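Below is one structure, written out as structure tokens, with a few remarks after it.
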2 protein chains.
Amino acid sequence: MKLATLQNGQRDGRLAVVNRTLTQAVWAPAPYLTLQLALDDWQQASPILTALSQQLEAGALASFAFASEACLAPLPRAYQWADGSAYVNHVELVRRARGATMPDTFWTDPLMYQGGSDDLLGPRAPIVCPQVDYGIDFEAELAVITDDVPMTCPPADAASHIKLIMLVNDVSLRNLIPPELAKGFGFFQSKPASAFSPVAVTPDELGEAWQDCKVHLPLYVHWNGQQVCQANAGVDMVFNFAQLIAHVAKTRRLGAGSIIGSGTVSNTDRRQGYACIAEQRALEMIEYGAPRTPYLQYGDTVQIEMCDARGQSIFGRIEQVVQPLGQ
Amino acid sequence: MKLATLQNGQRDGRLAVVNRTLTQAVWAPAPYLTLQLALDDWQQASPILTALSQQLEAGALASFAFASEACLAPLPRAYQWADGSAYVNHVELVRRARGATMPDTFWTDPLMYQGGSDDLLGPRAPIVCPQVDYGIDFEAELAVITDDVPMTCPPADAASHIKLIMLVNDVSLRNLIPPELAKGFGFFQSKPASAFSPVAVTPDELGEAWQDCKVHLPLYVHWNGQQVCQANAGVDMVFNFAQLIAHVAKTRRLGAGSIIGSGTVSNTDRRQGYACIAEQRALEMIEYGAPRTPYLQYGDTVQIEMCDARGQSIFGRIEQVVQPLGQ
């Protein structure tokens, strides 16, 4: 099942069930008018939405044309957005570039940060940043949406709480990060609004590509039309989504609709490219002593997409342009 | 106007308007069945709810008895919870106790962290913690709720976005903080669910005590029935709520219903006591070379309350007992 939230003038949009090829959709019925309402009551909602999805796929329903342009984020605002750094290779590389070592515990204890979730952008929303010299970067990731997760939920149980999967562009303002992290309280101004793929899909939509709570498929990133990443999200993911959820739930329960991110996808095989500019700059720093690739400029475009073995886009495409404020 | 969210078996509860002495209440009318729904449409909702409040005060409405025990948090889940450390004295003291100095910029650049907001506790909810040796601490604070705030909103404009004020117990797990902050990404496991006062009030309810976007009244904390704090929240607050909002909005817009916290209230005048145990332990560390006051134990109670000049409780009382998981 694939779900999208379409613009309807309301803050939370309107939930729709989308077909596998992302061409047709039907509205979700009341009381599941928004994705959050469905997640709040997922045990009841899921079979109803699944049945609709099957009928839609069978051509048994009057449907309407689906357009990613009309999408908000699957959850245009959420109650929880926790992002990991599960591709530890990325963390090690960025640290090495600035002459820092990485504690060995980073291979066993997930690094996660608490994100802000009141403004989650749709797949075509611009990346609005008041100053280009903040060092605007993309971060192509995967994320899952959970139902209610109890406190101290172990990884073995966490898998069953993964209800939906989607793509994320976790925009980062690189030049704000060092002074902000130096203050000791983590990210805030350096992590503006993130953008999400047109649809969120149930794990079964991924077939055999969903294994061990990882998505074993390449993630494609295009920057100004040029492909810069084809890293496989199932490779080098040191902590799977179940482990990330368990980390988050150590001292708290999670409410239905919590979003848990993987962190920037990164393969140790450098031929797979980079899912964030910071990683490329780190490699340049190590090789040449200085970064050569600039961060995003106003007018730049970023596209993020993942396709199945037959080349069919699974989540639809995130496609954003960088803009100054007030444009 | 005073607003409360009462338990009704739903995740977001049901919005009620409460009288000034916190004894009687009336239900908010549709479509304002929850506080978030009212905040989403505050310009329309506010005059309707204000009129109800005035009629309730005048005894012109059939009302029901109000009980803090029936309250959820004013927002039982929210889209944004950003907490500051506006009482810089507290930060300096805690750092001094561990032999660290504080950068001078902390007096001019607010220290804020991104909190998790999917599980905001009601005023009588227990503090549930799986292990007492995590070092459970209370933090008595004030917080405001905003409407929509535009990106780069300056402090002078931010004041007008403050719609409601409430009390918070920002529970912290002190022994998890050093290793977590050492990882560099800020708090996560060390900041479990926070609890909120029975009612949230509009700034006008504070009369002259609301000045310069600060609440100029003593905040009372009782630990196991003994008063440990009477610090005035208007004293030593280095950044007011407008400045905190502007800090948060530097690179993002804020959605309606965003909660912005002050951080632990702290007066340089030590006779006013402590709003968190960590501060008392820091003083003991400085004076005796070791802390003497233990953190919270299972069964301990914490009460947080603020009263007006006539002794009337403004927000109702937060009153929590510390419990292990599964009790």
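The values are calculated or read from the model by the stated rules, or taken from the named source; none is laboratory data. Predicted model, so just to flag it, every value in this text is computed and none were measured. When we count neighbours, we look across all protein chains shown, and the Cβ atoms used for this are built from the backbone with ideal geometry, even at glycine. Surface areas here come from the heavy atoms of the whole protein model, side chains and all, with no ligands, DNA or RNA. Shrake-Rupley method; radii C 1.70, N 1.55, O 1.52, S 1.80 Å.
The table below gives the values:
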item: Conditions (1) within 30 Å of B:THR105 (Cβ to Cβ); (2) assigned to a loop (DSSP other than H, G, I, E, B); number of the one not met by B:ALA256; result: (1)
item: Unmet requirement for B:ALA156, which otherwise passes all of (1) assigned to a helix (DSSP H, G or I); (2) open to solvent by 30 Å² or more (accessible area, probe 1.4 Å); (3) within 10 Å of chain A (Cβ to nearest Cβ); result: (3)
item: Filter result (open to solvent by 40 Å² or more (accessible area, probe 1.4 Å) and part of a strand (DSSP E or B)) within segment B:197-231; result: B:TRP210, B:GLN211, B:TYR220, B:HIS222, B:GLN226, B:GLN227
item: Residue in segment B:164-177 that is open to solvent by 10 Å² or more (accessible area, probe 1.4 Å), more than 30 Å from B:TYR134 (Cβ to Cβ) and more than 14 Å from every other protein chain (Cβ to nearest Cβ) present; result: no
item: Of all residues in segment A:134-150 being open to solvent by less than 30 Å² (accessible area, probe 1.4 Å) and within 11 Å of another protein chain (Cβ to nearest Cβ), the one that is nearest to the chain's Cα centre (by Cα); result: A:THR146
item: Residue, most open to solvent (accessible area, probe 1.4 Å), within segment A:278-327, restricted to residues that are in a loop (DSSP other than H, G, I, E, B), touching an Asp or Glu at 6+ places or on another chain (Cβ under 8 Å) and aliphatic (A, V, I, L, M); result: A:ALA290
item: Residue within segment A:82-90 that is more than 14 Å from chain B (Cβ to nearest Cβ), within 24 Å of the chain's Cα centre (by Cα) and surrounded by 24 or more Cβ atoms within 10 Å (Cβ to Cβ) present; result: yes
item: Residue in segment A:103-110 that is open to solvent by less than 20 Å² (accessible area, probe 1.4 Å) and in contact with a Leu (Cβ under 9 Å, 6 or more places away or on another chain) present; result: yes
item: Test result for A:SER190, within 14 Å of chain B (Cβ to nearest Cβ), among the hydroxyl-bearing types (Ser, Thr, Tyr), farther than 30 Å from B:VAL132 by Cβ and touching a helix residue (DSSP H, G or I) at 6+ places or on another chain (Cβ under 6 Å); result: yes
item: Residue that is part of a helix (DSSP H, G or I), of a type outside the set (Asp, Glu) and open to solvent by 40 Å² or more (accessible area, probe 1.4 Å), where the choices are A:GLN36, A:GLN54; result: A:GLN54
item: Qualifying residue in segment B:94-105 (condition: on the phi > 0 side of the Ramachandran plot and at pLDDT below 95); result: yes
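Yes or no, residue by residue, for (1) within 14 Å of another protein chain (Cβ to nearest Cβ); (2) without any contact (Cβ under 8 Å) to a residue 40 or more places away in the chain; (3) of a type in the set (Ser, Thr, Tyr):
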{"site": "A:ALA25", "(1), (2), (3)": "no, no, no"}
{"site": "A:LEU33", "(1), (2), (3)": "yes, yes, no"}
{"site": "A:LEU49", "(1), (2), (3)": "no, no, no"}
{"site": "A:PHE66", "(1), (2), (3)": "no, no, no"}
{"site": "A:ARG77", "(1), (2), (3)": "yes, no, no"}
{"site": "A:GLN80", "(1), (2), (3)": "yes, no, no"}
{"site": "A:PRO103", "(1), (2), (3)": "yes, yes, no"}
{"site": "A:TYR113", "(1), (2), (3)": "yes, no, yes"}
{"site": "A:LEU121", "(1), (2), (3)": "yes, no, no"}
